[in-house]
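Q: My questions all concern the structure below.
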Amino acid sequence: METRVRTTLLLALLTVLILWIGRMIGGQNGMVIALIIAAVMNIGSYWFSDKIVLSMYRAQPIDEYQAPEIYGMVRELAAEAGMPMPRVYLIPEETPNAFATGRNPQKAVVAITEGLVRLLTPQEIRGVIAHEMGHIKNRDILVSSIAATLAGAIMVLADMARWGAIFGGFRGDDEEGGGGGILGMIFLSILAPIAAMLIQMAISRSREYLADETGARLAHNPEYLARALEKLAMASERIPMQDAKPSTAHLFIVNPLTGSSLMNLFSTHPPIHERIRRLRSMGPA
């Protein structure tokens with residue numbers, strides 16, 4: 001419940017940031033236009049997200065005859081969660097990882113890499129699949145799409161503020177007593193996108209913790225997922241995912257992007273050691 005409240009507050013903070021920027025640039029027309037543009041872009045991404053990301057990672061569908069053990073785990077966990085059976089895909093990638101996508105539980109997909117199947121025990125694979133089912137059950141694709149729409153609107157408004165400052169537009173704010181001024185617009189155009197990105201990352205991290213908790217309860221043993229995360233973190237360092245894209249990194253159970261400490265600072269995933277600590281503090285589910 002605490003994580004859900006935090007997510008709601010963060011989404012509300014994004015909304016307040018949009019309203020504040022709208023006032024700063026001197027009116028609501030630009031704000032409405034920005035929201036429409038961002039919504040159109042992100043609704044398209046939300047509607048076709050499964051096809052886009054599956055194609056990006058060359059994922060192939062598998063059925064009960066090709067992978068009976070994996071398929072059986074997904075079916076059992078879907079029944080445990082009271083959800084329809086999602087489609088199951090295998091990614092031809094040596095790096096062990098997994099993700100869930102789809103705009104709702106009826107259109108959901110669970111995808112795992114070949115490397116994950118080879119590395120983990122059946123219990124650990126069950127823990128990973130349960131985590132991905134947790135994302136589906138908690139409708140995290142929808143939450144991420146809403147956050148992306150709001151953040152996208154902030155980016156558009158920040159661009160409007162920057163160009164308005166350069167060309168001397170948006171006088172309405174001064175006339176109405178807002179007092180933003182040119183320096184205020186420049187300051188706003190720089191800080192607003194950074195604030196939106198940080199809030200969006202905080203939402204993503206909160207949803208990972210929630211999916212861990214939900215998955216641990218579905219699998220009836222938090223230790224399955226805790227052990228899996230330990231192995232996945234170490235293996236991802238040894239075998240980085242060459243084709244990983246920043247735009248889809250948030251979907252994976254562990255961050256597929258490796259590199260500088262700056263990249264880790266702006267990671268969409270919470271620290272692995274903290275996720276493991278929280279799981280092991282749950283005790284038997």
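The values are calculated or read from the model by the stated rules, or taken from the named source; none is laboratory data. Source: prediction; values computed, not measured. We place every Cβ from the backbone using ideal geometry, glycine too, and count neighbours over all the protein chains shown.
Q: From the residues in the stretch 222-256 that are buried (at least 20 other Cβ atoms within 10 Å of the Cβ) and polar (S, T, N, Q), which one is farthest from the chain's Cα centre (by Cα)?
A: Ser236
Q: Right, another one. Hey, can you tell me all the residues within the stretch 114-150 that are at pLDDT 95 or above, surrounded by fewer than 24 Cβ atoms within 10 Å (Cβ to Cβ) and not hydrophobic (A, V, I, L, M, F, W, C)?
A: If the condition is that a residue be at pLDDT 95 or above, surrounded by fewer than 24 Cβ atoms within 10 Å (Cβ to Cβ) and not hydrophobic (A, V, I, L, M, F, W, C), then Glu114, Gly115, Arg118, Thr121, Pro122, Gln123, Glu124 are the ones that fit.
Q: Applying the selection to the stretch 70-114, what residues are touching a Phe, Trp or Tyr at 6+ places or on another chain (Cβ under 6 Å) and not β-branched (Val, Ile, Thr)?
A: Correct list: Asn97, Phe99, Arg103, Ala111.
Q: Same structure, new question: Within the stretch 99-109, is there a residue that is on the phi > 0 side of the Ramachandran plot, surrounded by 14 or more Cβ atoms within 10 Å (Cβ to Cβ) and in contact (Cβ under 8 Å) with a residue 24 or more places away in the chain? Outline the logic, then answer.
A: Applying the first criterion (on the phi > 0 side of the Ramachandran plot) to the stretch 99-109 yields 102.
Narrowing the set further to residues that are surrounded by 14 or more Cβ atoms within 10 Å (Cβ to Cβ) leaves 102.
Adding the requirement that they be in contact (Cβ under 8 Å) with a residue 24 or more places away in the chain leaves 102.
The answer is yes; a qualifying residue exists.
Q: Is there any pair with a first residue in the stretch 231-242 that is farther than 15 Å from Val128 by Cβ and a second that is surrounded by 13 or more Cβ atoms within 10 Å (Cβ to Cβ) whose Cβ atoms are under 6 Å apart and which are 6 or more apart or on different chains, and what are they?
A: Ile239/Glu94; Ile239/Thr95; Pro240/Thr258; Met241/Thr95; Met241/Pro256
Q: Could you please give the count of residues in the stretch 65-86 that are in contact with a Pro (Cβ under 8 Å, 6 or more places away or on another chain) and surrounded by fewer than 19 Cβ atoms within 10 Å (Cβ to Cβ)?
A: Residues in the stretch 65-86 being in contact with a Pro (Cβ under 8 Å, 6 or more places away or on another chain) and surrounded by fewer than 19 Cβ atoms within 10 Å (Cβ to Cβ): 3 in total.
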